Amino acid sequence: MANEIQNLTTDISRLYEEITEKTQSLGHLEAITKLYEELQNELQEISADEIDLLQTQIKSSLEQMVGISKNLAVIRALKLTLNGHEDASESIKRFTASPGMRRTLEDR
């Protein structure tokens, strides 16, 4: 009889744990359901036309940014080219300004 009571108590404890777990998971389901309903309500307030307009504006902005990026690349290339010419001019000036070079040029 004591064994049967112990087995019954064990079964009741196990069932109570299962009920507690299921109740907790139901609480999570309720929270998820509430979030879904809130999301659905918020989405209903946004029209398809508003989404299309925003999408068009974003696309236009991206195209403008690509254009700016291309222009900056051209400016960078020009700057590097011009700096390269300036560096070459400086080297020639320094080379021709050296005393040994003047003598060589005067000797000719």
Being in a helix (DSSP H, G or I), modelled with pLDDT of 90 or more and under 42 Å from the mean Cα position of the chain (by Cα): is that true of Asp87 here? no
Of the criteria (1) at pLDDT 70 or above; (2) surrounded by 10 or more Cβ atoms within 10 Å (Cβ to Cβ); (3) assigned to a helix (DSSP H, G or I), which one Met101 fails: (1)
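The values are calculated or read from the model by the stated rules, or taken from the named source; none is laboratory data. All values derive from a computational prediction rather than experimental measurement. Every residue, glycine among them, receives a Cβ derived from its backbone with ideal geometry; neighbour counts consider all protein chains shown.
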